[in-house]
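My questions all concern the structure below.
The values are calculated or read from the model by the stated rules, or taken from the named source; none is laboratory data. What you are looking at is a predicted structure, and each value in this text was computed from that prediction instead of being measured. Using ideal geometry, Cβ is built from the backbone for each residue, glycine included, and neighbour counts are taken over all protein chains shown. Each accessible area value is taken on the protein alone, full model and side chains, heavy atoms only, with ligands, DNA and RNA left out. Shrake-Rupley method; radii C 1.70, N 1.55, O 1.52, S 1.80 Å.
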Amino acid sequence: MLLQIAWKRVVRTLVATPASKSRAPVRGLRVRVVHHAPSDTTPAPEAETVLRPLYLDVQATTPLDPRVLDAMLPYLVNYYGNPHSRTHAYGWESEAAVERARQQVASLIGADPREIIFTSGATESNNIAIKGVARFYKSRKKHLITTQTEHKCVLDSCRSLEAEGFQVTYLPVQKSGIIDLKDLEAAIQPDTSLVSVMTVNNEIGVKQPIAEIGQICSSRKVYFHTDAAQAFGKIPLDVNDMKIDLMSISGHKIYGPKGVGAIYIRRRPRVRVEALQSGGGQERGMRSGTVPTPLVVGLGAACEVAQQEMEYDHERISKLAERLTKKIMKSLPNVVMNGDPEHHYPGCINLSFAYVEGESLLMALKDVALSSGSACTSASLEPSYVLRAIGTDEDLAHSSIRFGIGRFTTEAEVDYTAEKCIQHVKRLREMSPLWEMVQDGIDLKSIKWTQH
């Protein structure tokens, strides 16, 4: 009865509202059109237009590609069977869709579909890889190796294992953000079970020498895991050529849905992991729980699109990134690019603007969604641990901004961001007594500051 009443109200509203009153969203400074739900007694008000910032934070998440949404919709509405139901057509349809998605994910990294395990995202995948391998082989091997610039979920997983009695070596990185392979070789011990090094860093975009690391691990009979959340679908990866044993994958970093990811676990030679989750034994016993068919279909579709457009996207993003950095660095002195400029994913640009607080610049750039390299959302005033690890001065670490350029970023958005950035950095520097002292030729490092 309630559904019938609700449906009648919707029909009445659609009939009563003239077509001319609907407005299309405007591109540029992105506009979101908000329609307030009409009531029985009042006529539908005009759509209220709300301006939204430009989005240049694709390392945090990416918008859903419309082609991915098209692939997902049937499994949200019509094909809603549980993929683990083996007794009827609803289950078979969903199972077929899940297996096709598994093939699409595997194809992007040169893997066997049976080596792909679906998870809730890269955080869960990292936990399964690190804790799962360490705990399975703990009777013989109690040592792991990672780097100081890994994602927090990798570092926290390692800290958790240390509390269980494991030994973890945190490799330092060079000024470029890349590890020294000699340090890695020296760190491997007879009881080392796993090396975990991320492919592309989420803060500074640096690419690690994954193939070389894989070769070292393979020759020393140590499993190699890489967190590829920021690289998967953006740069070519082949698990066999690069000798990768485990790989973490995220859906929402490649224009897919949030809440879904995958982990690649090598079958030959077989890598064993201890499951973190108990239950029905789905995903070959490594990740119990009902596989969410619509999300998995979305991940598969995102992988297929990424495979088709990777080369084009990379070339276009490289040009936009170069345009942004050239515009900013040409107009502003004392701007430093963090991380290695050569071994670098172009869509992640981390710049430090000397004599400007990163948080102040972010607040001034309210028309653009960006993130700061410093701990702006934390109660701590400490700068980013990644920037500290590459030896960035504390003042420069506090003044860093990360610009993320993706598939749907336009040239106009890049130009607008660069112009606004230049404008606000100049304004904030004019307000800074430190900038004034530098202009007068004073070396700030020679000053001995006193506390009051």
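I'd like the Karplus ³J(HN,Hα) series for region 56-63: coefficients 6.51, -1.76, 1.60, θ = phi - 60°, whole numbers in Hz, and an x wherever there's a Gly or Pro.
Those phi angles translate into 10, 9, 6, 6, 7, 6, 10, x Hz.
Take peptides 195-203, 90-98, 431-439 and line them up by average Cβ neighbours within 10 Å, highest first, as a rough protection proxy.
My ranking of the peptides, most packed first, is 195-203, 90-98, 431-439.
Extension gain Glu419-Ser288, at 0.36 nm per residue separation less the Cα-Cα distance, in nm?
Stretched out fully, the Glu419 to Ser288 stretch lengthens by 42.2 nm.
Just reorder Met242, Met363 by solvent-accessible area, largest first, 1.4 Å probe, all chains present.
Met363, Met242
OK, next. Using alpha-carbon pairs under 8 Å, 6+ residues apart, how would you state the relative contact order of region 292-447 in percent?
It rounds to 26 percent for region 292-447.
Next up: Output ³J(HN,Hα) for region 319-328: one whole-Hz value per residue in order, computed from phi by the Karplus curve 6.51 cos²θ - 1.76 cosθ + 1.60 with θ = phi - 60°, and x for Gly and Pro.
5, 5, 5, 5, 4, 5, 5, 5, 4, 5
Using the Cα centre as the reference, give the magnitude of the dipole from point charges on the C-beta atoms of region 146-199 (Lys, Arg: +1; Asp, Glu: -1; all else neutral), rounded to the nearest 20 debye.
200
Next question. Arg268 to Lys426: extension gain in nm, 0.36 nm per residue of separation minus the Cα-Cα distance?
Fully extending the segment from Arg268 to Lys426 adds 51.2 nm.
Evaluate the distance, in nm, between pseudo-label points positioned 7 Å from the Cα of Phe136 and of Lys258 along their respective Cα→Cβ axes.
Going by the 7 Å Cα→Cβ label model, 3.1 nm.
Hey, for a label at Tyr385 modelled as a point 7 Å past Cα toward Cβ, could you say which residues of region 138-163 have their backbone N under 17 Å away?
Answer for this model: 144-163.
Between Asp395 and Glu309, what is the spin-label point distance in nm, taking each point 7 Å from the Cα along the Cα→C-beta axis?
4.3
While we're here: Say R0 is 30 Å: what FRET efficiency, to the nearest 0.05, do Asp191 and Asp112 get from their beta-carbon distance?
0.50
Say R0 is 60 Å: what FRET efficiency, to the nearest 0.05, do Glu436 and Ala163 get from their beta-carbon distance?
0.75
Show the residues, 5+ positions off or on another chain, whose built amide H is closer than 5 Å to the amide H of Thr169.
Leu144, Ile145, Thr146
³J(HN,Hα) across region 214-231 via Karplus (A = 6.51, B = -1.76, C = 1.60, θ = phi - 60°), whole Hz, x for Gly/Pro?
Each residue of region 214-231 in turn: x, 5, 4, 5, 5, 5, 9, 6, 10, 6, 10, 10, 10, 7, 9, 4, 8, 10 Hz.
Using a simple spin-label model with points 7 Å from Cα along the Cα→Cβ vector, what separation in nm is obtained for Ser331 and His88?
Using points 7 Å along Cα→Cβ, the separation is 6.2 nm.
Now for a different question. At q = 0.11, 0.16 Å⁻¹, what log₁₀ I(q)/I(0) does region 128-217 have when each alpha carbon counts as one equal point scatterer in the Debye sum?
-0.28, -0.61
Separate question: With charges only on Cβ, +1 for K and R and -1 for D and E, what is the dipole size of region 346-439 about its Cα centre, in debye, rounded to 20?
Charge dipole, region 346-439, about its Cα centre: 180 debye, nearest 20.
Using amide H atoms built in the peptide plane, which far-off residues or other-chain residues are under 5 Å from Tyr55 H to H?
Those qualifying (amide H under 5 Å, at least 5 residues apart or on another chain) are Ala369.
Please compute the net charge surrounding Gly281, taking Lys and Arg as +1 and Asp and Glu as -1 over other residues with Cβ under 15 Å from its Cβ.
In short, +1.
Suppose every Lys and Arg Cβ carries +1 and every Asp and Glu Cβ carries -1, with no other charges. What dipole size does region 244-328 come out with about its Cα centre, to the nearest 20 debye?
Charge dipole, region 244-328, about its Cα centre: 240 debye, nearest 20.
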